[in-house]
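Visitor: Before I ask anything, here is the structure I am working with.
A short reminder: the numbers here are calculations on the coordinates, not readings from a lab. Everything numeric here is computed off the predicted structure, so don't read it as measured data. Note: ideal-geometry Cβ built from the backbone for every residue, glycine included; neighbour counts use all protein chains shown.
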Amino acid sequence: MELRVLRYFLLAAREENITRAAELLHVTQPTLSRQLMQLEQELGTKLFHRGQHSITLTDDGMLLKRRAQELVDLADKTEREFVKSMSALTGELSIGSGETLSMHTLSQWIASFRAEYPMVQYDIFSATADEIKDRLEKGILDMGLLVEPVDITKYEFIRMPKKERWGILVSKSSPLALNDHIGPSDLAHTPLLIAKRNMVREGLRGWFGNSFDSLEIAGTYNLLYNAAVLAEHGVGAMLCMEHDRSYENLRFIPLFPVLETGAVLVWKKNQTCSAAASHFFAHVQKCSKRMDGDKI
């Protein structure tokens with residue numbers, strides 16, 4: 001498979017119309033149709049359902065779309081890493097991050113690095129720890145800011161300095177909104193929205209104890225915003241870490257006994273990386289040691 005053909009395929013899949021995709025690619029419609037049919041022959045499968053005026057992806061087409069996007073993203077990232085400048089460090093750093101207050105610390109480190117190397121650019125990918133680790137393994141991301149609990153045995157890491165406390169986001173109209181803190185018994189008969197990650201759920205299981213299996217789970221989530229909207233409309237109380245976002249109709253109430261979570265900045269051990277990434281790894285390690293020294 002050629003990258004050029006994969007780019008053709010991705011644009012055709014996005015536009016769902018071969019004629020429109022051909023116009024955007026500045027090729028003729030027969031040329032694009034022939035390239036896509038040759039790709040199907042090469043893979044031995046049908047990628048599109050072809051209608052009179054549109055095309056849609058088959059199941060195999062959906063699989064190829066995911067894989068092709070990963071390959072194209074990695075190729076583009078590699079090209080950017082080889083952009084050289086005689087006078088300054090250049091390139092792009094790809095960083096994955098969960099929704100965590102530790103992003104403030106990482107942003108400070110990025111800002112101080114950018115003051116020294118202004119030609120380096122940053123691509124920030126927001127996702128769960130599992131999604132970020134998958135992209136780290138594939139080489140799409142240089143490093144990731146992961147919310148614990150998380151398995152970091154494969155990675156070099158820096159433990160971020162601040163812990164984050166857990167609580168619930170609940171509609172201000174809920175009786176729970178009158179509480180100053182929330183214990184396991186307060187949530188015994190309350191619909192809950194909880195994180196989908198198994199390792200996070202196991203941490204919550206430890207806090208709830210024996211009552212965990214009898215909880216009423218209204219829904220699960222991976223990132224904060226949409227789940228917060230559900231909580232705002234009374235679908236359930238959202239178990240989450242405290243964030244500095246404000247929600248007009250929601251109140252954050254901390255858990256008691258206190259439940260806290262840390263975060264780690266990770267990158268693959270012994271990886272071959274770009275000059276920009278190597279310099280940044282060294283920079284964040286120095287910043288972390290300086291912060292540890294300030295605490296002493």
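Visitor: Near the amide H of LEU259, under 5 Å away, which other amide H atoms are found, from residues 5 or more places off or on another chain, if H is placed in the peptide plane?
Guide: Amide H neighbours of LEU259, under 5 Å, 5+ apart: TRP166.
Visitor: Moving to a separate point now. Positive end of the charge dipole of the chain (Lys, Arg +1 and Asp, Glu -1 on Cβ, about the Cα centre): tell me which of HIS189, VAL258, MET37 has its Cα farthest that way.
Guide: Ranked along the dipole, the leading option is MET37.
Visitor: Moving to a separate point now. Run the numbers on the chain and let me know its relative contact order in percent, using alpha-carbon pairs under 8 Å that are six or more apart. It would help to have the intermediate numbers written out before the result.
Guide: On the way: 455 pairs, mean separation 60.3, N = 296.
With pairs under 8 Å counted, the relative contact order is 20 percent.
Visitor: What's the FRET efficiency of LYS154 with GLN52 using the Cβ-Cβ distance as r and R₀ = 51 Å, to the nearest 0.05? Could you put the intermediate results ahead of the total?
Guide: Values: r = 50 Å, r/R0 = 0.98.
After rounding to 0.05, the efficiency reads 0.55.
Visitor: Moving to a separate point now. So what's Rg/Rh here for the stretch 155-296, counting alpha carbon atoms and using the Kirkwood radius for Rh? It would help to have the intermediate numbers written out before the result.
Guide: Values: Rg = 18.5 Å, Rh = 17.2 Å.
When Rh is taken as the Kirkwood radius, the ratio is 1.08.
Visitor: For the chain, with only Lys/Arg (+1) and Asp/Glu (-1) charged at the beta-carbon, what is the dipole magnitude about the Cα centre, in debye rounded to 20? Each step should come with its number before you reach the end.
Guide: On the way: 35 positive and 38 negative charges, 100 e Å.
It works out to roughly 480 debye.
Visitor: In degrees between 0 and 90, to the nearest 10, how far off the longest principal axis of the chain does helix 275-295 point, with axes built from Cα atoms?
Guide: So the helix axis and the longest Cα principal axis differ by about 10 degrees.
Visitor: Moving to a separate point now. Rounded to the nearest 500, what is the 222 nm mean residue ellipticity of the chain from helices alone, with -39500 (n - 2.57) per DSSP H run of 4+ residues and division by all residues? List each step's numbers first, then the result.
Guide: Values: 9 runs with 123 residues, N = 296.
Estimated from H runs of four or more residues: -13500 deg cm²/dmol.
Visitor: How high is the relative contact order of the stretch 114-204? Use alpha-carbon pairs under 8 Å, at least six apart in sequence, and give a whole percent. Provide the component values of the computation, followed by the final result.
Guide: Values: 28 pairs, mean separation 20.1, N = 91.
The normalised contact order for the stretch 114-204 reaches 22 percent.
Visitor: Also: Please give the residues of the stretch 258-291, grouped as numeric ranges, whose backbone N is less than 15 Å from a label point set 7 Å along the Cα-to-Cβ vector of MET119.
Guide: So the set is 275-277, 279.
Visitor: May I pose another question? Quick one: angle between helix 59-81 and the longest Cα principal axis of the chain, in degrees between 0 and 90, rounded to 10, please.
Guide: It is inclined by approximately 90 degrees.
Visitor: Moving on to the next point. ³J(HN,Hα) across the stretch 195-203 via Karplus (A = 6.51, B = -1.76, C = 1.60, θ = phi - 60°), whole Hz, x for Gly/Pro?
Guide: Per-residue couplings from phi come out as 5, 7, 4, 4, 5, 5, 4, 5, x Hz.
Visitor: Quick check: from the Cα gyration tensor, does the stretch 97-139 come out rounded (a/c under 1.5), prolate or oblate?
Guide: Values: a/c = 3.37, a/b = 1.56, b/c = 2.16.
In terms of gyration-tensor shape, oblate.
Visitor: So, in nm, how far is label SER173 from label ARG245 when the simple model puts each one 7 Å beyond its Cα toward the Cβ?
Guide: Each label point is offset 7 Å from its Cα along the Cβ direction, giving 2.1 nm.
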